[in-house]
Each structure stands twice: as structure tokens, then as C-alpha cells.
Amino acid sequence: MIRSKSLAATAVLGLVVVATASGCSSNSSGSGSSASPSANAVALTPEVQAKLQKVIDDVRVQFKAPGLQAGVWTDNGQWVGTSGVAKAGTTQTITPADHSRVGSITKTMTGTVILQLIDEGKLSFDDVIDKYVPGMPNGSIATIKNLIEMQSGIPTYTADTAVVNKYSAAPTTAFTPQELVNSVKKSPPMFAPGARFFYSNTNFVLLGMVIEKVTGKSVSDNFSERLFKPLGMNATSAPGTSTSLPDPYLSGITEQGDPLGKIKNATNWNPSFAFTAGEVISTLDDLHKWGVALGTGAGILKDETQKMRLDSVQTTVPPNTSQRSYGMGIVNTAGWFGHTGEIPGYNTVLNYKPDTHTTIVVMVNSDLTQGTGPNQLAPAVVGFEGLAGIMTPGGTASSSTSPS
């Protein structure tokens, strides 16, 4: 949440090297119930599973992460692999039951509740944010639709030096959502709403505040009642200001917030700094359930609303492209739909491919870059056969090329 994305979990997915004939698969049906089993999914043969395991082993070593786990689920079976340990400096085994902070994957949940409230007539895409949270840059003209598509022109509070320094100095401090958004109130708008895409965490904190105002219930209750319980995601929660994780859990390390780059244990840093932009805790199995629901709409959205959401990634608003675009709280990367998630100590990726009914989840208990910045990760990504590339029909899994 302090730093921009693109860390080890992104490298694991290897989306830079994915090649698909369809490109952006946003014409897929939004209904989970109407989707027929896919015969196109790559079979999880022993050879393919070995390639998947090699990816996570190689990436963990490359980024010097304590541990990493990943899962792939298709109509043809599933694979779960682990590498390393659940806590740095120990021999503690990683298991699918381990809880982890999932960072900005939370945005997909926030966006879903917003869409539900619109379906219920309690909210409108055309409502301006001033109606619910007054005084924001562009507040009188930026709409709910602008916020959910990251096109509001409202700056991100995670770029505000004062609030970031406060968090870095005392990372167990509890923040209120109002305190977070107040930090950008005096900033000028970045651009006119709808003119550009810019990834601003403020957008989704504001949407969380809207959810609470419209429903009269906490985000935690909304997520639980509307998403987690209906989908059987019993190990997933929105912790609010609580700094603890349920047992068992992954312990996360970070160098964020330290001017000298000293590595620290960030496991119990306060997630309220992220609120509805990134506070959720989940597990590998629960994120699998969420990936299917997010990709199909089953159990959470009407068919027409799900179709609208997937179609939203067809945006031409710059710098979105057909291969990499941000829709209504959901990211398209070459036909994979989902989101990345980073919060100090943790790096997570969730993706679903509608045409093959394939879900991929990656969890890393570290956000260390080992000196690689967002623009330097491509060599690491290209250097490995990423999970998404392996699981793309006609990609690396079905070729005769052996793992690098």
C-alpha cells in the first residue's frame, strides 16, 4: 500500500509472457450457472505440475522471500504448491489453511458491494462523491463510476508524505478512513474525471465510506453478509483496526517504511491504513472461491451486472490497453481477470480466465524487491515460465520447450 505494485507474486504469474489469441476475453458470459465445463483448460499432468512448482521455487529464490504458495484450479483438476517457510528464520511449514493479508484484492470486494448497492437502487453510478464524502478534489463532478474505474482524478493518499511518514513511524497506529482521505483534500485534482486512468487508493477508501453510509453497517458486516458467508469463505475477514491474524498465518517481512531499507516483520502492522483499498485477510482456498465468483458473478452479482463489469475492461481511456486494463474494480491482463494485492509484508495475486475456467492464486509472505523496481521486474518475469503462461492453451505448457 505504501509502494506501487509489481513484486514477486506478479513475477510468478508471468503475465508479461502470456500470449492469447483472444486478447481481452471480456465477451465471456457473466453467469456462473450458464457456463459449460471447459474442454480448453490445460491438463494438470505431472509434467505441467513440475513446471508450476519450478516457477514458485525459482521466484522465491530470486526475490529471497521466506515462503510462497500457489494454487491452480481448472475443470481438469487442481494443483497446490508451496516453497519455503511460513515464517522467516523458522522451519514452519506453509499450508493452504494459512491466513494472509491480501492487500488490494480487497478492491474487488469493495467494487462488488458497490455494484450490489447499485442493483438494489441504493446507489447510482452517477452519484458524485460529494453527496457522501464532501470536500474531495473533483468532489462535485467525480462520480461513483469514476471512482470504481480509477478515473476520478483524485490523488492517492499513499503518495502523501505526512500520512505515510506517520504510518511508517508507528505502523500499529489505527487510522480512520476520514483521516486517510483528508490527507489529499487540499491537493489539486490530477485530471478531469473520465479523462485518464490513475491507480488511486483514495478512490476505494471513499467507496468503502460510501458503503458504510448507504447501508448503515460496517464494511466488515457488509463483506461478511454479502460476500463471505454466501460463498462459504469462512476463513476470510475484514479486520478493521485489529492487528492480529487468525491462526495459522503467514508472517510477512518488508523493508518499506525504513529509510535504510532494514527488513522488518510487518505481520501485525495495522491494516486500517488500507481500509477498503486493502485490509482483507484470507486463505488460498477462500481466494479460489472468490476468484470463481469474481470471474463468473455466481453467487454475488446478477448476470447482466457481471457482464457489464467484465465489459468495463474494454475501456479506451488512456493509459489502458486491450492487453492491460482496469475496469470496475477488476483488472484484465491478456484475458485473465482479477487483481494484485500488496500490503507491507505480503504480496498476492488472484486471476480467473473465463474461457478455460482456470483460477490462479499466489501468496508471498514478503514484499521485498531485492533492488528491482517496478520497471525492472520484466527480466525476472520473462526469465521464468509463469503460471498463467503455463496454464494458457497453446502456451508454454503445451509446447516442447523445457522449463528454463
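Go through segment 84-98 and count every residue that is under 15 Å from residue 348 (Cβ atoms) and outside any loop (DSSP other than H, G, I, E, B). Let's see the steps before the verdict.
Narrowing segment 84-98 to residues under 15 Å from residue 348 (Cβ atoms): 86, 94, 96, 98.
Next, from what is left, pick out any that are outside any loop (DSSP other than H, G, I, E, B): none.
Residues flagged as under 15 Å from residue 348 (Cβ atoms) and outside any loop (DSSP other than H, G, I, E, B) within segment 84-98 amount to 0.
Among the helices (runs of 4 or more DSSP H) confined wholly to segment 176-269, which include 1 or more residues that are under 19 Å from residue 131 (Cα atoms), free of Cβ contacts under 8 Å to residues at least 12 places away in the same chain and among the polar types (S, T, N, Q)?
Values: elements: 177-182, 201-215, 219-223.
Of the helices (runs of 4 or more DSSP H) lying wholly inside segment 176-269, those with at least 1 residues that are under 19 Å from residue 131 (Cα atoms), free of Cβ contacts under 8 Å to residues at least 12 places away in the same chain and among the polar types (S, T, N, Q) span 177-182.
Tell me the residue from 226, 309 that is open to solvent by 10 Å² or more (accessible area, probe 1.4 Å) and basic (Lys, Arg), please.
Working: 309 fails: open to solvent by 10 Å² or more (accessible area, probe 1.4 Å).
Result of the check over 226, 309: 226.
Which residue pairs have Cβ atoms closer than 6 Å, lie 6 or more positions apart in sequence or on different chains, and pair a first residue in segment 278-289 that is among the charged types (D, E, K, R) with a second residue that is surrounded by fewer than 24 Cβ atoms within 10 Å (Cβ to Cβ) and part of a helix (DSSP H, G or I)?
Correct list of pairs: 289/231.
With respect to residue 83, is the statement that it is at pLDDT below 85 and either open to solvent by 60 Å² or more (accessible area, probe 1.4 Å) or not basic (Lys, Arg) (or both) true? Please lay out each step first, then the result.
Numbers: at pLDDT below 85: no; either open to solvent by 60 Å² or more (accessible area, probe 1.4 Å) or not basic (Lys, Arg) (or both): yes.
No, not satisfied.
Which condition breaks for residue 187 when tested against (1) over 19 Å from residue 107 (Cβ atoms); (2) out of contact with any Pro (no Cβ under 6 Å at 6 or more places or on another chain); (3) open to solvent by less than 60 Å² (accessible area, probe 1.4 Å); (4) polar (S, T, N, Q)?
(2)
Restricting attention to segment 99-139, and to residues there that are of a type in the set (Lys, Arg) and open to solvent by 40 Å² or more (accessible area, probe 1.4 Å), which single residue is farthest from residue 349 (Cα to Cα)? Give the steps one after another, and end with the answer.
Filtering segment 99-139 down to residues of a type in the set (Lys, Arg) leaves 101, 107, 122, 131.
Now narrow it down to the ones that are open to solvent by 40 Å² or more (accessible area, probe 1.4 Å): 122, 131.
On the way: 122: 31, 131: 33 Å.
In this case the residue turns out to be 131.
Out of segment 241-287, which residues are surrounded by fewer than 22 Cβ atoms within 10 Å (Cβ to Cβ) and touching a Gly at 6+ places or on another chain (Cβ under 7 Å)? Talk me through it step by step, then tell me what you get.
Step one: list which residues in segment 241-287 are surrounded by fewer than 22 Cβ atoms within 10 Å (Cβ to Cβ), which gives 241-249, 255, 257-265, 267-268, 270, 272, 285.
255, 267, 272 - these are the residues of segment 241-287 that are surrounded by fewer than 22 Cβ atoms within 10 Å (Cβ to Cβ) and touching a Gly at 6+ places or on another chain (Cβ under 7 Å).
So is residue 69 in contact with a helix residue (DSSP H, G or I) (Cβ under 9 Å, 6 or more places away or on another chain), open to solvent by 10 Å² or more (accessible area, probe 1.4 Å) and under 19 Å from residue 290 (Cβ atoms) or not? Let's see the steps before the verdict.
Working: in contact with a helix residue (DSSP H, G or I) (Cβ under 9 Å, 6 or more places away or on another chain): yes; open to solvent by 10 Å² or more (accessible area, probe 1.4 Å): no; under 19 Å from residue 290 (Cβ atoms): yes.
When the stated conditions are applied, residue 69 does not pass them.
Only one of (1) modelled with pLDDT under 95; (2) closer than 17 Å to residue 277 by Cα; (3) touching a strand residue (DSSP E or B) at 6+ places or on another chain (Cβ under 7 Å) is not met by residue 164, so which one is it?
The failed condition is (3).
Please verify whether residue 329 is within 17 Å of the chain's Cα centre (by Cα) and within 22 Å of residue 152 (Cβ to Cβ), treating the condition exactly as stated. Can you show your working first?
Numbers: within 17 Å of the chain's Cα centre (by Cα): yes; within 22 Å of residue 152 (Cβ to Cβ): yes.
Spelling it out, residue 329 is indeed within 17 Å of the chain's Cα centre (by Cα) and within 22 Å of residue 152 (Cβ to Cβ).
When the residues of segment 324-334 are narrowed to those that are modelled with pLDDT of 90 or more and in contact with a Ser or Thr (Cβ under 7 Å, 6 or more places away or on another chain), which ends up farthest from residue 110 (Cα to Cα)?
324
Any idea how many residues of segment 302-332 are touching a strand residue (DSSP E or B) at 6+ places or on another chain (Cβ under 8 Å) and among the β-branched types (Val, Ile, Thr)?
Count: 4.
Starting from segment 125-152, take each residue that is within 22 Å of residue 310 (Cα to Cα) and list its partners that are part of a loop (DSSP other than H, G, I, E, B) and basic (Lys, Arg), counting only C-beta distances under 7 angstrom and pairs at least six apart or across chains.
From residues that are within 22 Å of residue 310 (Cα to Cα), the pairs are 151/196.
The values are calculated or read from the model by the stated rules, or taken from the named source; none is laboratory data. Only a predicted model underlies this, so the values are computations on that prediction, with no experimental measurement involved. Reconstructed Cβ throughout: ideal geometry from the backbone, glycine too, with neighbour counts over all protein chains shown. In case anyone asks, the SASA skips ligands and DNA or RNA and just uses the protein heavy atoms, side chains included. Shrake-Rupley method; radii C 1.70, N 1.55, O 1.52, S 1.80 Å.
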